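The values are calculated or read from the model by the stated rules, or taken from the named source; none is laboratory data. Note that the structure is predicted; figures quoted are calculated from it, not measured. Positions of Cβ are generated from backbone atoms using ideal geometry, with glycine treated the same way; all protein chains shown enter the neighbour counts. Note: areas computed on protein heavy atoms with side chains; ligands, DNA, RNA excluded. Shrake-Rupley method; radii C 1.70, N 1.55, O 1.52, S 1.80 Å.
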Amino acid sequence: MTQENPSSFDLAVIGAGPGGYVAAVRAAQLGMNVACIESGALGGVCLNWGCIPTKALLHQAEVMDDFLTGPLGASLGITPKQTDWSALMQRKQQIVERMNKAVAHLFQHHGVTHISGKAQITAAGEIKDENDRPCTVQATDADGDVSSVNCGRVVVASGSRPRDLPFATTDGRRILGARDVLDVEDPPKSLIVIGSGAIGVEFA
């Protein structure tokens, strides 16, 4: 169902990842009335399935290595034991959830309106003066309800998604995407990482 009376904003930001939510907050700090439209979790890939969770796991691995194989552990009489993988993953998720709430708090503190849904630009007219709202963005939520946003300008910060290899389609078991590997119940004994971007390097 489409909203009868569209909301009006100076700026609509599509995407609430590191590019989108920072742009939305900064625009609000400069006095603009801002809406940020996001279909998934606040913080985007970086916060939820990339840099933040991988760094949390990296830190835990470094601490374990220091205690179990380094001189500190030996001096304290600590010897390697089985890792509680579920506890590691739970701590990683707690960090992600805490930072999700931090982004939501930033929106609330600076007056940014968060609209949950998949965005589509349906009109993009020319601005003749600062009071014009020639652009229209529709946001479709998980229930299929559609809300319309009229705005003067639109920032598109929709991010990216990994592409399956034609000979190795992600199945969530043997061939894992970045999201899959962050939720495995047991760590793999061996792993090949394809891709040497920030996330791939940190997984490796």
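Scan the stretch 180-204 residue by residue and report those that are farther than 17 Å from Ser160 by Cβ and polar (S, T, N, Q). Scanning the stretch 180-204 gives a single hit, Ser190. Residue pairs whose Cβ atoms lie under 7 Å apart, sitting 6 or more positions apart in sequence or on different chains, and linking a residue in the stretch 148-172 that is within 15 Å of Thr113 (Cβ to Cβ) to a partner that is in a loop (DSSP other than H, G, I, E, B) and charged (D, E, K, R), are Asn150/Arg133; Cys151/Arg133; Gly152/Asp132; Gly152/Arg133.
If you go through the stretch 66-100 and keep only what is under 21 Å from Val184 (Cα atoms) and modelled with pLDDT under 80, you end up with Lys81, Gln82, Thr83.
Restricting attention to the stretch 185-203 and to residues that are aliphatic (A, V, I, L, M) and surrounded by 11 or more Cβ atoms within 10 Å (Cβ to Cβ), the residue that is nearest to the chain's Cα centre (by Cα) turns out to be Ile199.
Name the one entry in Leu176, Leu182 that is of a type outside the set (D, E, K, R), surrounded by 15 or more Cβ atoms within 10 Å (Cβ to Cβ) and touching a helix residue (DSSP H, G or I) at 6+ places or on another chain (Cβ under 6 Å). Result of the check over Leu176, Leu182: Leu182. Each residue in the stretch 18-57 was checked for being open to solvent by less than 60 Å² (accessible area, probe 1.4 Å) and over 17 Å from the mean Cα position of the chain (by Cα), and 4 pass. Scanning the stretch 11-36 for residues that are in a loop (DSSP other than H, G, I, E, B) and touching a Leu at 6+ places or on another chain (Cβ under 6 Å) yields a count of 2. All conditions in (1) modelled with pLDDT under 95; (2) out of contact with any Leu (no Cβ under 6 Å at 6 or more places or on another chain) hold for Gln120, with the sole exception of (1).
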